[in-house]
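Written below as structure tokens is the structure these notes are about.
Derivation of every value follows stated rules applied to the coordinates shown; laboratory data play no part. Predicted model, so just to flag it, every value in this text is computed and none were measured. Cβ coordinates were reconstructed from backbone atoms using ideal geometry, including for glycine residues, and neighbour counts include every protein chain displayed.
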Amino acid sequence: MPNDTSASPLRDLADARGFYVGAAVSARPLREDAAYRDLLAREFNMLTCENALKFGPLRPTPDQFAFDNADAIVAFAEAQGMAVRGHTLVWHSQMPEWLEEGVLGYDSSIDLIRSHIQTVTKRYRGRIGVWDVVNEAFEDNGRWRDTFYLRKFGPDYIKMAFHWAHEGDPNAKLFYNDYNADGLNAKSKAIYRMVKRLLGEGVPIHGVGLQVHLLLGHVPSTRAIAANVKRFNRLGLEVHITEMDVRVKTPVSESDLREQAGVYGDIIRICLRAKNCPALVVWGVTDRYSWVPDVFAGYGAPLLFDEQGREKPAAAALRANLQP
Ligand code: 9MR
């Protein structure tokens, strides 16, 4: 489907209702692909760094920070008047090898992680308004995920990370973020219990990110997702859809794309009807740069714009729902 240039960009419709439609951005296409930049700036009023702010990419060596990619992405957002979600400070994946394989004791590890979180949040004070402080701390069965952090510090690492991020930028909104926790299940229940406990302990946490990485045909019920959003909102927490994509078995048919559009429509309606779910971020700008085909062989086409940057029915579904 050719781009309908007469249609309003998603970001204009979103701006008009105080909503954010975001995309995860990679440094390389942002640098090398002008069509990617144009599409990003035209359609989205929020972005997140797909990889550039993760611990490993930021810290090639213990004494070195590599801020170039993150700086370039944040500068682009500022130039285009887009809000930024910071992703992510504490995660088991994409850790620096020197840290995972190192032999630091408890105290030195605490010092290192505290200073990492504070350096990063301070650097982007006032520029990155929202942080995914802790990412994916649970298994699908609701148990703690066995990670470097859990092994080293026990579950207390979570509240420590939120406190340190808050010290780094007292005005940033701090989120816990996870996948397969979109509907009502063991993982979302564990998250609910944890954030409730953290709030009770006065830990500075302001929101929960539901990643919403979905597989077409295996989507949790919209009722369950809406109920999940509602229970976090009831705790006074904001909810963001942080990494949405809907992967499809390839080759993709027209009817798959229509069904996929239906899923995008369902999710944005859940947010628009919820008390406090003001952002829907998709995990990539176009299907061309999606992580999906690299990880799930035989699947692809999960996003709003196709490999050529043309609008898909999914984008039209968001637009239809954002209309005044
Ligand atoms: O999209 C990211 C991909 O480029 C990286 O190689 C991968 C590393 O594990 O991380 C991907 O993003 C993940 C995100 O940071 C957290 N939630 C799941 C995302 C998809 O794997």
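At residue 122 and residue 167, where each label point lies 7 Å from the Cα along Cα→Cβ, what is the point-to-point distance in nanometres?
According to this spin-label approximation, the distance is 1.0 nm.
Over the Cα atoms of the stretch 101-250, how large are the radius of gyration and the largest Cα-Cα distance (Dmax), in Å?
16.1, 49
Convert 25 °C to kelvin, take the viscosity as 0.890 mPa s, use the Kirkwood radius over C-alpha pairs of the stretch 49-129 as Rh, and evaluate the Stokes-Einstein diffusion coefficient in µm²/s, rounded to a whole number.
184
How far is it, in nm, from the label point at residue 42 to the one at residue 80 when both lie 7 Å from their Cα along the line to the Cβ?
1.1
Using only Cα atoms and rounding to the nearest 10 degrees, what angle (0 to 90) does helix 68-79 make with the longest principal axis of the chain?
50
For a quick check: with amide H placed at 1.01 Å from N, whose amide H comes under 5 Å from residue 23's, ignoring anything fewer than 5 positions away on the same chain?
Long-range HN contacts for residue 23: 46, 47, 48, 282.
Show that you can apply the helix-only estimate: for the chain, add -39,500 (n - 2.57) for every DSSP H stretch of four or more residues, divide by all residues, and state [θ] at 222 nm to the nearest 500.
Only helices count here, giving -13000 deg cm²/dmol.
Just the Kirkwood number for the stretch 179-324, please: inverse of mean 1/r across all distinct Cα pairs, in Å, one decimal.
Taking the inverse mean of 1/r over all distinct Cα pairs, the stretch 179-324 comes out at 15.8 Å.
Unpartnered cysteines of the chain (Cβ-Cβ under 4.7 Å counts as a partner)?
Those would be 49, since no other cysteine Cβ in the chain comes under 4.7 Å of theirs.
At 7 Å along the Cα-to-beta-carbon direction for both residue 94 and residue 295, put a label point, then send me their distance in nm to one decimal.
Spacing of the two 7 Å Cα→Cβ label points: 1.0 nm.
Treating each Cα of the stretch 117-158 as an identical point scatterer and ignoring solvent, apply the Debye formula and state log10 I(q)/I(0) at q = 0.14, 0.17, 0.32 Å⁻¹.
One equal scatterer on each Cα of the stretch 117-158 leads to -0.44, -0.60, -1.09.
Give me the distance between the Cα centres of the stretch 106-136 and the stretch 189-248, rounded to whole Å.
22
Beyond 19 Å, how much of the Cα-Cα pair distribution for the stretch 120-191 remains, as a whole percent?
Distances greater than 19 Å cover 41 percent of the Cα pairs.
Multiply the residue separation of residue 193 and residue 141 by 0.36 nm, subtract the distance between their alpha-carbon atoms, and state the gained length in nm to one decimal.
Residue separation times 0.36 nm, minus the Cα-Cα distance, leaves 17.3 nm.
Return the inverse of the average 1/r over all pairs of distinct C-alpha atoms in the stretch 1-106, which is the Kirkwood hydrodynamic radius, in Å to one decimal.
It is 15.5 Å.
Evaluated at 4 °C with a viscosity of 1.567 mPa s, what Stokes-Einstein diffusion coefficient in µm²/s does the chain have when Rh comes from the Kirkwood expression over alpha-carbon pairs?
65
Provide the gained length on full extension for the span residue 114 to residue 34, in nm with one decimal, where the gain is 0.36 nm per separating residue minus the Cα-Cα distance.
Extra length available between residue 114 and residue 34 comes to 25.0 nm.
Based on the Kirkwood radius over alpha-carbon pairs, what value in µm²/s does the Stokes-Einstein equation return for the translational diffusion coefficient of the stretch 284-324 at 25 °C and 0.890 mPa s?
Translational diffusion coefficient: 227 µm²/s.
Quick one: grab the alpha carbon gyration tensor of the stretch 248-296, order the square roots of its eigenvalues as a ≥ b ≥ c, and give me rounded if a/c is under 1.5, else prolate or oblate depending on whether a/b is larger than b/c.
Oblate, because a/c is 1.5 or more while a/b does not exceed b/c.
Compute the label zone of residue 106 within the stretch 144-163: residues whose backbone N is under 18 Å from the point 7 Å along Cα-to-Cβ.
Output list for this probe position: 147-161.
Estimate the FRET efficiency between residue 253 and residue 150 by the formula 1/(1 + (r/R0)^6), using the beta-carbon distance for r and 51 Å for R0, to the nearest 0.05.
The calculated FRET efficiency here is 0.75.
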